[in-house]
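Peer 1: Below you will find the structure I want to go over with you.
The values are calculated or read from the model by the stated rules, or taken from the named source; none is laboratory data. Please read these numbers as outputs of a predicted model, since none were measured by experiment. Cβ coordinates were reconstructed from backbone atoms using ideal geometry, including for glycine residues, and neighbour counts include every protein chain displayed.
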Amino acid sequence: MNKFLVLLSLVLAVLLVSTMTVFAMVTCPGTYNINTWTACFGVHTFPTGVRYVGEFKSGKRHGQGKFTFSNGSIKEGVWKNNNFQNAQKIPGSNNFIKLLLEQDLR
């Protein structure tokens, strides 16, 4: 019984920490700015109509994000220093919350 309670406590602690990490991502302030958009989640629409929705670090696409081209094609996954790394969802990321943020930022 004690082992079960310890295991349950560990699982709950991990869930609590992972939830706190999701909520730690703040919305980027104002319109896109390379100097102020860091460690935040935002929507950047380029003059050409291309749009990136996702995480930024030091003004660059960095983390989970979705890039929609003007022809409608989409590149979604992990970005690092403005470069697309791979098409996947980051385990533990809560894309539902990010989708709600995206809706609010429109």
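Peer 1: Can you pull out every residue in segment 82-91 that is part of a loop (DSSP other than H, G, I, E, B) and either under 21 Å from Asn33 (Cβ atoms) or acidic (Asp, Glu) (or both)?
Peer 2: Asn82
Peer 1: Being surrounded by 19 or more Cβ atoms within 10 Å (Cβ to Cβ) and assigned to a strand (DSSP E or B): is that true of Trp79 here?
Peer 2: Yes.
Peer 1: Over 16 Å from the mean Cα position of the chain (by Cα), of a type in the set (A, V, I, L, M) and modelled with pLDDT under 90 - does that describe any residue in segment 29-51?
Peer 2: no
Peer 1: Given the conditions (1) modelled with pLDDT of 90 or more; (2) of a type outside the set (Asp, Glu); (3) assigned to a helix (DSSP H, G or I), which single one is not true for Leu12?
Peer 2: Just one mismatch for Leu12, condition (1).
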